[in-house]
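**Q** Structure provided below as structure tokens; questions to follow.
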Amino acid sequence: MPRSLGDRLAVVVAAACGMGVLALATTAAWAAGPSAAERDAVCADAEIRYKETFGKATKDEPVKIVTMYKDVFCPIEITVTQGETVRWVNLDKRTSHSVWFRDSGKEESARLFNAETVEMKFDFPPGEYPYLCGPHWESAGMIGKVTVKGK
């Protein structure tokens, strides 16, 4: 299955040229998102961009931070204690992102543009809660997960 952006684009081009058999493979490849190595590199760049934008590291904020950069949530998985707040921050200059706990029946957040944020206090029962970026979960596999632990 294609993992790199170039491989995924090649599959898309082949599918667009009449090789319908590859359409399913394309969907699966995009849904899988970037490889762990690609994601790590994007997240390292996102941390640098965060420091440039806000003047401090994400770990120095009073709440847990998840950045949105190059169609990746960084970190892709986060663990919180009930009652804790998470702030999502879009670091892309030309792309909007959202946060949507669709499977939990929550409304999608407003689209966030560069340096815009949305926060959520996790009063959810303990468990795992997948979420996605409304505009990019299908095309780029932009999906994350919050695990809520009891107090």
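The values are calculated or read from the model by the stated rules, or taken from the named source; none is laboratory data. Keep in mind that what you see is a predicted model, and the values were worked out from it rather than measured. In this analysis, Cβ positions are derived from the backbone assuming ideal geometry, glycine residues included, and neighbour counts consider all displayed protein chains.
**Q** Checking Phe122 against (1) over 22 Å from Ala44 (Cβ atoms); (2) in contact with a Leu (Cβ under 9 Å, 6 or more places away or on another chain), only one condition comes out false. Which one?
**A** (2)
**Q** Okay, next question. Does region 60-76 include one or more residues that are surrounded by 16 or more Cβ atoms within 10 Å (Cβ to Cβ) and assigned to a helix (DSSP H, G or I)?
**A** Keep residues of region 60-76 that are surrounded by 16 or more Cβ atoms within 10 Å (Cβ to Cβ), which gives 64-76.
When the remaining residues are screened for being assigned to a helix (DSSP H, G or I), the result is none.
No, because not a single residue in region 60-76 is surrounded by 16 or more Cβ atoms within 10 Å (Cβ to Cβ) and assigned to a helix (DSSP H, G or I).
**Q** Can I ask one more? What is the number of the single condition among (1) without any contact (Cβ under 8 Å) to a residue 60 or more places away in the chain; (2) within 21 Å of Ala44 (Cβ to Cβ); (3) of a type outside the set (Phe, Trp, Tyr) that Leu132 does not meet?
**A** (2)
**Q** From (1) part of a helix (DSSP H, G or I); (2) hydroxyl-bearing (Ser, Thr, Tyr); (3) at pLDDT 95 or above, pick out the condition that doesn't hold for Thr26.
**A** Unmet condition: (3).
**Q** Have a look at Glu77, Glu61 and point out the one that is touching a residue at least 12 places away in the same chain (Cβ under 8 Å), closer than 20 Å to Ser139 by Cα and not β-branched (Val, Ile, Thr).
**A** Numbers: Glu61 fails: closer than 20 Å to Ser139 by Cα.
Just a single option satisfies the conditions, and that option is Glu77.
**Q** Looking for whichever is assigned to a loop (DSSP other than H, G, I, E, B), of a type outside the set (S, T, N, Q) and touching a Leu at 6+ places or on another chain (Cβ under 8 Å) here; the options are Ala46, Ala110, Ala115. Which one fits? It would help to see each step written out before you state the result.
**A** Working: Ala46 fails: assigned to a loop (DSSP other than H, G, I, E, B); Ala110 fails: touching a Leu at 6+ places or on another chain (Cβ under 8 Å).
One residue alone meets the criteria, Ala115.
**Q** May I pose another question? What single numbered condition from (1) modelled with pLDDT of 95 or more; (2) under 14 Å from Lys70 (Cα atoms); (3) not acidic (Asp, Glu) fails to hold for Tyr131?
**A** Of (1) modelled with pLDDT of 95 or more; (2) under 14 Å from Lys70 (Cα atoms); (3) not acidic (Asp, Glu), only one is false for Tyr131: (2).
Per-residue answers, yes or no, for (1) under 19 Å from Tyr50 (Cα atoms); (2) loosely packed, with under 14 Cβ neighbours inside 10 Å:
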site: Gly83; (1), (2): no, yes
site: Val86; (1), (2): yes, no
site: Val89; (1), (2): yes, no
site: Arg94; (1), (2): yes, yes
site: His97; (1), (2): yes, no
site: Arg102; (1), (2): no, yes
site: Arg111; (1), (2): yes, no
site: Glu116; (1), (2): yes, no
site: Glu128; (1), (2): no, yes
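**Q** Hey, among Glu128, Glu138, which residue is more than 13 Å from the chain's Cα centre (by Cα) and either closer than 23 Å to Glu38 by Cα or among the acidic types (Asp, Glu) (or both)? Can you show your working first?
**A** Details: Glu138 fails: more than 13 Å from the chain's Cα centre (by Cα).
Just a single option satisfies the conditions, and that option is Glu128.
**Q** Still on this structure, please answer the following. What number of residues within region 130-151 satisfy the criterion of being touching a Pro at 6+ places or on another chain (Cβ under 9 Å), outside any strand (DSSP E or B) and surrounded by 14 or more Cβ atoms within 10 Å (Cβ to Cβ)?
**A** Result for region 130-151: 3.
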